[in-house]
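Here's the structure we're looking at; comments come further down.
The values are calculated or read from the model by the stated rules, or taken from the named source; none is laboratory data. As the structure is a prediction and not an experimental result, all values here were calculated from the model. Here the Cβ positions follow ideal geometry from the backbone for every residue, glycine too, while neighbour counts run over all protein chains shown.
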């Protein structure tokens, strides 16, 4: 398995915000999103036992499986080994791949992505997950972002996260538009990248 990094921090986003967790970031992704803040290509080869040993160095029972795109590498056997050690598995995925057969994950956060067609038009990448606990949409505040595309996706919780554009003034505008959308569509809840606000990993 090619692993980008394993580290211990607080979950910064979504339902489990503020929860101490071990992050297992797999290298590699099948999409290229302009706002991605992860250098997901680099990584080192690790065995499943190496990954488990690294996770067990930290006291929290919560493990976030992320990437890149974790479903490209996650196996049922790794899930079983982590569960056997009393770990609660959370996964963050773009949803374009099904989980490998037998993978048991306790909490799935799906963040759907738009892909660009050859003619320049964008469309929502096909979601192939059979179950989603939390749908997290990165909100750009653009009039061309069609939020109706996400109405067809079934999830237990719906969260809207303002896009980090890398520009402070633009981020203020995006946040204001995000709040306005949520107030008009209370199905959605706000998700902030609190790890960036706190300046932690």
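Conditions tested, residue by residue: (1) at pLDDT below 90; (2) within 15 Å of residue 188 (Cβ to Cβ); (3) in contact with a helix residue (DSSP H, G or I) (Cβ under 9 Å, 6 or more places away or on another chain).
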residue: 115; (1), (2), (3): yes, no, no
residue: 118; (1), (2), (3): yes, no, no
residue: 121; (1), (2), (3): yes, no, no
residue: 127; (1), (2), (3): no, no, no
residue: 132; (1), (2), (3): no, yes, no
residue: 141; (1), (2), (3): yes, yes, yes
residue: 145; (1), (2), (3): yes, yes, no
residue: 151; (1), (2), (3): yes, yes, no
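Look at residue 57 and say whether it is modelled with pLDDT of 95 or more, assigned to a loop (DSSP other than H, G, I, E, B) and farther than 26 Å from residue 158 by Cβ.
So residue 57 passes the test.
Quick one: in region 2-20, which of the residues that are touching a helix residue (DSSP H, G or I) at 6+ places or on another chain (Cβ under 8 Å) and farther than 24 Å from residue 48 by Cβ is surrounded by the fewest Cβ atoms within 10 Å (Cβ to Cβ)?
18
Looking only at residues in region 180-201 that are free of Cβ contacts under 8 Å to residues at least 60 places away in the same chain and touching a strand residue (DSSP E or B) at 6+ places or on another chain (Cβ under 7 Å), which one is surrounded by the fewest Cβ atoms within 10 Å (Cβ to Cβ)?
So, considering only residues that are free of Cβ contacts under 8 Å to residues at least 60 places away in the same chain and touching a strand residue (DSSP E or B) at 6+ places or on another chain (Cβ under 7 Å), the one surrounded by the fewest Cβ atoms within 10 Å (Cβ to Cβ) is 187.
Only one of (1) crowded, with 22+ Cβ neighbours inside 10 Å; (2) more than 12 Å from the chain's Cα centre (by Cα); (3) assigned to a strand (DSSP E or B) fails for residue 64. Which number is that?
Checking residue 64 against (1) crowded, with 22+ Cβ neighbours inside 10 Å; (2) more than 12 Å from the chain's Cα centre (by Cα); (3) assigned to a strand (DSSP E or B), the one that fails is (2).
Residues that are on the phi > 0 side of the Ramachandran plot and either surrounded by 18 or more Cβ atoms within 10 Å (Cβ to Cβ) or part of a strand (DSSP E or B) (or both): does region 130-143 have at least one?
Pass one, region 130-143, residues on the phi > 0 side of the Ramachandran plot: 141.
Filter once more, keeping what is either surrounded by 18 or more Cβ atoms within 10 Å (Cβ to Cβ) or part of a strand (DSSP E or B) (or both): 141.
Scanning region 130-143, I find at least one residue that is on the phi > 0 side of the Ramachandran plot and either surrounded by 18 or more Cβ atoms within 10 Å (Cβ to Cβ) or part of a strand (DSSP E or B) (or both), so the answer is yes.
Mind listing whichever residues of region 146-165 are buried (at least 18 other Cβ atoms within 10 Å of the Cβ) and without any contact (Cβ under 8 Å) to a residue 12 or more places away in the chain?
none
State which residue is farthest from the chain's Cα centre (by Cα) when the search covers only region 166-176 and only residues that are in a helix (DSSP H, G or I) and surrounded by fewer than 18 Cβ atoms within 10 Å (Cβ to Cβ).
169
Go through the residues of region 82-97 one by one and say whether even a single one is assigned to a helix (DSSP H, G or I) and surrounded by fewer than 22 Cβ atoms within 10 Å (Cβ to Cβ).
If we filter region 82-97 for residues that are assigned to a helix (DSSP H, G or I), which is where we start, we get 82-84.
Pick out the ones that are also surrounded by fewer than 22 Cβ atoms within 10 Å (Cβ to Cβ) and you get 83-84.
Within region 82-97, one or more residues are assigned to a helix (DSSP H, G or I) and surrounded by fewer than 22 Cβ atoms within 10 Å (Cβ to Cβ).
Those residues that are surrounded by 12 or more Cβ atoms within 10 Å (Cβ to Cβ) and modelled with pLDDT of 95 or more, I need them from region 27-52; list them, please.
Selection gives 46, 48, 50, 51, 52.
Quick check, is residue 176 out of contact with any helix residue (DSSP H, G or I) (no Cβ under 9 Å at 6 or more places or on another chain), closer than 22 Å to residue 19 by Cβ and at pLDDT 95 or above?
no
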